[in-house]
Each structure stands twice: as C-alpha cells, then as structure tokens.
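Report on one structure; see the data block that follows.
The values are calculated or read from the model by the stated rules, or taken from the named source; none is laboratory data. This structure is a prediction, so every number in the text was calculated from the model and none was measured. Using ideal geometry, Cβ is built from the backbone for each residue, glycine included, and neighbour counts are taken over all protein chains shown. For accessibility, only protein heavy atoms count, side chains too; no ligands or nucleic acids. Shrake-Rupley method; radii C 1.70, N 1.55, O 1.52, S 1.80 Å.
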Amino acid sequence: MTNTTKPVAIREFPVEEFPETHYLNATKGLKSWMLTLDHKRIGLMYLASVIFFFFVGGLLALALRLELWEPAQNFMDAETYNRVFTLHGAVMIFLFIIPSIPAALGNIFLPVMLGAKDVAFPRLNLASFYIYLGGAMFTLYSMAHGGIDTGWTFYTPYSTNSGSAVISMTFGVFIMGFSSILTGVNFITTVHKMRAPGQTWGKLPLFVWSLYATGVIQVLATPVLAITLLLLIMERTLGIGIFDPALGGDPVLFQHFFWFYSHPAVYIMIVPGFGIISELISTFSRKVIFGYWAVALSSLAIAFIGFLVWGHHMFTSGQSELSTVVFSFLTFFVGLPTGIKIMNWVATMYRGSIWLATPMLYAIEFLFLFTIGGLTGIMLGALSVDIHLHDTYYVVAHFHYVMMGGTVFAFLGGLHYWWPKFTGKMYNETLAKIASVILFIGFNMTFLPQFVMGSQGMPRRYFGYLEQFQTLHQYSTVGSWILGVGFLLVAYYLIVSLVKGAKAPSNPWGGRSLEWMTSSPMPAHNFEHVPVVIHGPYDHHQPIAEFRMGIDAPHHDTTHA
Amino acid sequence: MSHTDSMSANAHVQHHFVDSEQQFDSAKLGMWLFLVTEVLFFGGLFVAYIVYRAWNPELFTLAATQLDTVMGGINTLVLIGSSLTMALAIRYAQLNDAKKSFWMLGATIAAALVFMVIKYFEYTHKFHLGIFPGEAYTFTGIDHPKAHIFFSIYYMMTGLHGIHVLIGIGLIGWLMVKTKRGAFSAEYYTPVEITGLYWHLVDLIWIFLFPLLYLID
Ligand SMILES: [Cu+2]
C-alpha cells in the first residue's frame, strides 16, 4: 500500500426536505423499472408482488371460512376445498410471507441503513426478483391446471400419486428457493462488506441483524428444500423409490427432509418481523433498546437452534422415543431466545415516552399476539400434549398467531413506519389506527375459537365437521370478514395516500438510524455523501445532528450502467 | 490498489463499491456463501445415501460391483488435473499473462469434456444392461429387492454432479472469451478467481462421490 492519506473532514450534512428528484423519478419509463438495478425499486416491485399474492391467498382463506359456515357441504365440493386450502397455504407461505419482509422491506432499507449505495450484487438482486416471478408463474399454472390437493407440506406417499398438478407446483417452489437463496447471499455479503465508516457490528440497527440471521437460515436451509423437492419430482416422474413405500422407499424420510427446511423456514418468516419490532419499539419509546446485544444475538441463536428442532413435527410419525424426547427438549430451548426478545422489548418500553402512532400500535398488538402464538407453541412442543393436539385446529391457530399475528402484524407495522420514507407521502393516521384495531379484533375473533375447537378435537384440513363445532366455526368465519374489512380499509387509505397524501418530512417519527438521515423519498443513490456513523442507532439522547455526519463522496470515474 | 492507478485501471469497479478491494472481497464472500448452499444441496443426497446404506449395507456392496472402478478412477484423476489447470489459469491471470491463462482455461474445459465423455460411456453401458433409474430398472443381475434404489441414488448424485460440470464448462468458456478480449489483469481477475472456487467444489464433490459409490467393499 502506497496510500498517502489525505485528511478527510467529517461534517454534518443537512437533509434536503421534499426533494424534486428522487429514486422514484430519477429515471423514467417502464424499462427503467423492469431492468433497474436499484435495490429500492426492486424492493418496491417485490412489495407490489407480495401484496398481490397476499390478496390472492386472502381470498382463498375467505372462501375456506365461508365453506366452513355449515358442517356439511356449503358451496364447494370436498375436492375443491382440498385444493383451495393447499393453495392458500402454498401462496401465503412461498409467495407472500417468505419474501414479504426480507425481499420487499429489507431490500429497500438494508443498504440505506448501512449507508451503502446498493446491495453487494445488484444484478443478482434483480435476477432473484425475476426468478421469484418465474416460480410464481408455475404456481399460477398449477392453479389453472387442476390445482393441487396435498396440503402445502407435499407429504409422500400421497403427493407421489395424487392426480393433481404436484410437479408444476413443487417445481415452482423449487425455483423460488433460488430466489430466496440469492437474497440471503446478497444480504449477508452486504452486511459484511458494505457498512458505512464507523458502523461497527455493535452499531447495526437490529433490523439489519435480523436480516443477517435470516440470510444465514436462507443459505443453510433452502438448498435442502431444493433437493427434497427435486427428489419428489423425480419420484413422480421416474419413480426413483426413495420416498414411495410402494417402491421400497421411506415416506418418513421425506418428512425429515421437508421439516429440516421448513422448521428453519418459519424463522425466515418471523425473524425479520422481530427486527421491525425492535426498530418500532425503540423509536416510539424514545429510548435506547434494552439489551442491544441480547436482542441482536438472540436472532443468531434462533437461526442456529432452529436447525435442531425439526422432529417436533413428527412426534406422531413413528420417530424413536429418544429422538422425540430430544426434539421436544430442543423445542423448549428455542423458545428462550424468543422470550429474551419479548422481555427486552417490554423493558425498552418501561418508563419510555411512548408515542402511540400506528406503527407502534401494530408493535404492541404484535407483542400480544406473538406471545400467545409462542406460548401455545411450547404447549405443542410438550410430548403428551402434542399427541392430543397434533393435526387439530389448535395447530392451525398456533401457526396463524405466530405467522399472521406475528409476521403480518410486524409487516404492517414496518409498512406504516417506512411508508413515508419510501413513498414520500403521509397516510391518514386516524383511519390507520382504526384499521389496526379492526384487524386486531378480527384476527382474534378468527383464530381464538380455533384454539378451543382444536383442544376439543376438531381436526385440521377437514371439509365436514361435527355439529357441536358449528358455533365456533361461525365465530371464526365472521372474524375472517372483519379481517377482510380491515385490510380493505388499509388498502383504501394507502391508495389515497399515494394519490393525494401530504408530503412526508425526512424524519416523521424521530428515528435515529441512517434511513431517517436522508430525504423522503431517498435519492437514487441513497445519500449524496458518505455517511459516517458515530452513535448507536437507538441513541435518542444524543443530538440529532451527530447522526447526520459524513464525508464528501469521492469523485467516481465510472458511470453506473 | 495503489493511488497512482490510472483511471482506466479502476474502470471495472461498479458504482456502488468504494474501491476494487471491496468489490473483490464481496464477490469472493458471495461465492463462498453460494458454495455453502451447494454443499447443503448435495448434503441432502448424501443423507439419503447414508440412510439407505445404514439400512441395506449388503445392497451397497453388491450394487457397487456394477460400477466401473477403472473408468471412475480415470475420471477422478482427470478432474483433479483440471483443478490444477484452473488454479494455474488464475495464477497466470494474476501475473498478467493472458495468453497462458487462456490456454489453461482451455485445458480445464478439455479435461471436463473427457470427464463427460467417460461418464457418457458409463451411463450407456448401464442403460444397455437395463440399469435405469427408478421404475424403468429391469436389470436382474443383483439379487436384492431394493437394487433400483441404489441406482436411483447413483443417478441422482452423479447426474446432478454432471450438470454442475456442464455449467462449469459454460462458465469457463465465457472466461476464455473474456480473457481473449483482455478483460482480466493483475488488477482485476475476480471472475476467474470465483469460477475457480466453483470448479474446485465440483471437483471436491466428485472426490467424495467416487469412493462412496465405486469403492465399497
Ligand atoms: Cu417446527
């Protein structure tokens, strides 16, 4: 190195309010979007796609709930019902919830929070979006060609001989796996190599930590799903006999393979949500997050312990007694880092000056719903209890409390929190709060009765049911309508906001992480300078000017193609 | 990177990186992470192999006799040799010797093609005997009810590995075109380096496959 170091002056860079040009209008035309390498635009395209698929999956759910209004057939036959619940699960999981927070919100904000111009591999980022769309096309194709009735878990041997479009569906999921892997590789590399000067690991926003842990899971787990689905496809096309008992194979091996991915995958779905909640609770309590390292490292702990618990899905599949005991113990164990997070969030709020804006409302609702979801998960991890509750509505309720009450509420919280930043528009706060409360009520009305039904023995995935469950099912169905109304209201005021919302200031919530230290919407390259990080992302007691420090951007001799 | 570099020496640095070093480190880390996913991808197959071998140890010793150890052995040597030529291609790129780098890439492709040709003869010989994957299996020479499963695993593992070899051939061919055009130098040889990483992994997977499938006694 023969560098002669020039002294660099660190100074404050005031934020330009209401900029004329920003990433949304820096370049124009359809092509500038389709071929964009800008992480923010790619994130927006992901966001539009996942919201669309959430809408599709939501309609399927409403149809299911309506069919369950009566114990016997209502308006669809049993075969259609099987296809609709499979599609609801597959669309919600593979097309909505897995990419929802990391690929949409994470894509938009990870580089900004690191003070970087982009993710490490912008081309791979765009490729991952199109791979995702390609996989989604296969899913839609299988929907049109008879659908698939195996449930989203594709258990063998039924999936090896069911007459439905299993191959195109699993191939679609196989393809989307690559998209998820590319996102994970991109994010891990970006966090390692693209942090702003001064931004040590101890100064990373917790959302970044959570995306990092998610990336680790994506990289380690998704390839196993890929090979599992490939083997399943080969089983159907060539009859390779690895999973099909008729050919000498072992269907339980499929369950092991599948859950080795799919248990960690539930952490791909929820850990980014944890990250959002950390941001919201600190910002709206005006306090340093309580136990920064505990919250940050518990994400990593979840990522690693999460790989050791897959057998808890197979307590009734004929696993050896020893493994069920070990898996049960480890399942209790993975609850610890999650509990650590909840405790730290509550401790952060303690004696904070809490501002109950819409995002914070979602965060508090999340705390309630996720705690219920998490604790019922501990119940399911207990061996004797699980034998009774396995494959009942109790599991359905638990899963929805974690995934919808957890991830979707965190997603909504994040969407409202960052909406002013990436759209440059404010939304109607009153309507947003009303919608949030409606969703909270509708959610509990839909899923609380399902715990009761499940503990009384109502099996999941059943088309018909005993008359004694009808009242609870009807509560649940009415709840689903309330949820539908809530989401329509959210859609309404967000569209109004886009069309004629008031212009958003650069830092409407008084946040301290880097995304609030640039304009709303951000410039095409996020910052016009190189940000320099001095304080932690939650140091609300430090003067805000010290969060806007930076050095002049070096003159770049390359044009960005 | 020295400060006296002319502007053109940094022309390969994409706009979102601060300097060439950050770009190189990122590319390398990204490739290593991708290789981790590859290991887990094949890892699933290795688990299937371990499970079935633990259940049917006698099947594996019986069925392995149908695999040609000589052809497999030659292929192992060929791939190890190709890893050497790939490493040399990187070295020559670092030394600014584009011509030698080009020829070493060519030698790597040649070895990969030899590997695929030998694989082709192995496969066709088995097809001839009726050793097909899955339900098409008609061979009667192995007295074991699950003989077809061994060959399903064999075809899945070697087949996926073969696809990786083909992808490698494509990537190295692309490197040859770029090398010919003078795209690489001591300042910038990232694609050669990370393709090399990929190629070594493909080689390494075969080094595990060969004894596990061919050399069972
Ligand atoms: Cu699980």
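Details
- The single condition among (1) surrounded by 15 or more Cβ atoms within 10 Å (Cβ to Cβ); (2) in a loop (DSSP other than H, G, I, E, B); (3) not hydroxyl-bearing (Ser, Thr, Tyr) that B:ALA111 does not satisfy is (2).
- Scanning region B:137-150 for residues that are within 7 Å of chain A (Cβ to nearest Cβ) and open to solvent by 40 Å² or more (accessible area, probe 1.4 Å), we see that the one that is nearest to A:THR237 (Cα to Cα) is B:LYS146.
- Here is the figure for region B:190-213: residues that are open to solvent by 20 Å² or more (accessible area, probe 1.4 Å) and over 22 Å from B:PHE24 (Cβ atoms) total 6.
- Complete set of residues in region A:258-282 that are within 10 Å of the ligand (Cβ to nearest atom) and under 12 Å from the mean Cα position of the chain (by Cα): A:ALA265, A:VAL266, A:TYR267
- Matching residues, region A:290-308, being under 20 Å from the mean Cα position of the chain (by Cα) and open to solvent by less than 50 Å² (accessible area, probe 1.4 Å): A:VAL295, A:ALA296, A:SER298, A:SER299, A:LEU300, A:ALA301, A:ILE302, A:ALA303, A:ILE305, A:GLY306, A:PHE307
- Within region A:289-316, the set of residues being away from the ligand (no atom under 16 Å from the Cβ) and of a type in the set (Val, Ile, Thr) comprises A:ILE289, A:VAL295.
- In region B:128-145, the residues that are on the phi > 0 side of the Ramachandran plot reach residues that are open to solvent by 30 Å² or more (accessible area, probe 1.4 Å) with C-beta atoms within less than 6 angstrom, at least six apart or across chains, in these pairs: B:GLY130/B:THR138; B:GLY130/B:PHE139; B:GLY134/A:LEU238.
- Scanning region A:240-256 for residues that are surrounded by 24 or more Cβ atoms within 10 Å (Cβ to Cβ) and under 23 Å from A:LEU330 (Cα atoms) yields one hit, A:PHE254.
- Criterion violated by A:ARG286 - all others in (1) away from the ligand (no atom under 16 Å from the Cβ); (2) over 30 Å from A:ARG351 (Cβ atoms); (3) more than 14 Å from every other protein chain (Cβ to nearest Cβ) satisfied: (2)
- Of all residue pairs spaced 6 or more apart or on separate chains, those with beta-carbon atoms under 7 Å, a first member in region B:30-54 that is at the interface with another protein chain (Cβ under 9 Å from one of its Cβ atoms) and a second member that is outside any helix (DSSP H, G or I) are B:GLY30/A:ALA120; B:GLY30/A:PHE121; B:ALA48/A:ILE242.
- Options A:ILE387, A:ILE438: the member that is of a type outside the set (Ser, Thr, Tyr) and either modelled with pLDDT of 95 or more or closer than 23 Å to A:ILE364 by Cα (or both): A:ILE438
- Test set (1) open to solvent by less than 20 Å² (accessible area, probe 1.4 Å); (2) outside any loop (DSSP other than H, G, I, E, B) - A:GLU546 fails condition number: (1)
- Summed over region A:183-208, residues that are within 9 Å of chain B (Cβ to nearest Cβ) and assigned to a helix (DSSP H, G or I) total 8.
- Taking region A:100-176 as the region of interest, the helices (runs of 4 or more DSSP H) fully inside it that hold 3 or more residues being more than 13 Å from every other protein chain (Cβ to nearest Cβ) are A:107-113, A:122-144.
- Number of the exception - A:PHE85 against (1) open to solvent by 20 Å² or more (accessible area, probe 1.4 Å); (2) under 27 Å from the mean Cα position of the chain (by Cα); (3) free of Cβ contacts under 8 Å to residues at least 60 places away in the same chain: (3)
- Any hit, region B:88-102, residues being closer than 19 Å to B:ILE207 by Cα and open to solvent by less than 40 Å² (accessible area, probe 1.4 Å): no
- Selection within region B:1-57: residues that are within 29 Å of the chain's Cα centre (by Cα) and of a type in the set (Asp, Glu). The member of this set that is modelled with the lowest pLDDT is B:GLU21.
- Residue check for A:LEU220: at the interface with another protein chain (Cβ under 7 Å from one of its Cβ atoms) and within 28 Å of A:SER128 (Cβ to Cβ): yes
- Selection status of B:GLY106, more than 14 Å from chain A (Cβ to nearest Cβ), surrounded by 14 or more Cβ atoms within 10 Å (Cβ to Cβ) and touching a residue at least 12 places away in the same chain (Cβ under 8 Å): yes
- Pairs with Cβ under 8 Å, 6+ apart, first in region A:305-316 and away from chain B (no Cβ under 14 Å), second outside any helix (DSSP H, G or I) and within 11 Å of the ligand (Cβ to nearest atom): none
- With respect to (1) out of contact with any Ser or Thr (no Cβ under 6 Å at 6 or more places or on another chain); (2) open to solvent by 20 Å² or more (accessible area, probe 1.4 Å); (3) under 20 Å from B:ALA48 (Cβ atoms), the lone exception for B:ILE169 is condition (3).
- Flag if A:THR183 is crowded, with 20+ Cβ neighbours inside 10 Å and either free of Cβ contacts under 8 Å to residues at least 60 places away in the same chain or on the phi < 0 side of the Ramachandran plot (or both): yes
- Filter result for A:MET234 (over 30 Å from A:PHE207 (Cβ atoms), within 16 Å of the ligand (Cβ to nearest atom), surrounded by fewer than 22 Cβ atoms within 10 Å (Cβ to Cβ) and hydrophobic (A, V, I, L, M, F, W, C)): no
- Among the candidates A:PHE54, A:PHE18, the residue that is modelled with pLDDT under 95 and open to solvent by 30 Å² or more (accessible area, probe 1.4 Å) is uniquely A:PHE18.
- Whichever residue in region A:326-350 is open to solvent by 20 Å² or more (accessible area, probe 1.4 Å) and away from the ligand (no atom under 16 Å from the Cβ) and, among such residues, is farthest from B:LEU40 (Cα to Cα): A:TYR350
- Qualifying positions in region A:24-53 - in a loop (DSSP other than H, G, I, E, B), among the polar types (S, T, N, Q) and over 17 Å from A:PRO521 (Cβ atoms): none
The rows are residues; the columns are (1) under 30 Å from A:ALA246 (Cα atoms); (2) assigned to a helix (DSSP H, G or I).
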site: B:GLU122; (1), (2): yes, yes
site: B:HIS128; (1), (2): yes, yes
site: B:GLU135; (1), (2): yes, yes
site: B:PRO145; (1), (2): yes, no
site: B:SER152; (1), (2): yes, yes
site: B:MET157; (1), (2): yes, yes
site: B:GLY162; (1), (2): yes, yes
site: B:TRP174; (1), (2): no, yes
site: B:TRP199; (1), (2): no, yes
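- Within region A:251-267, residues that are within 19 Å of A:PRO99 (Cα to Cα) and among the acidic types (Asp, Glu) reach no partner that is within 9 Å of the ligand (Cβ to nearest atom) and in a helix (DSSP H, G or I) with beta carbons closer than 8 Å at six or more positions or on different chains.
- Identity of the residue in region A:13-38, aliphatic (A, V, I, L, M) and touching a residue at least 60 places away in the same chain (Cβ under 8 Å), that ends up nearest to A:ALA553 (Cα to Cα): A:VAL15
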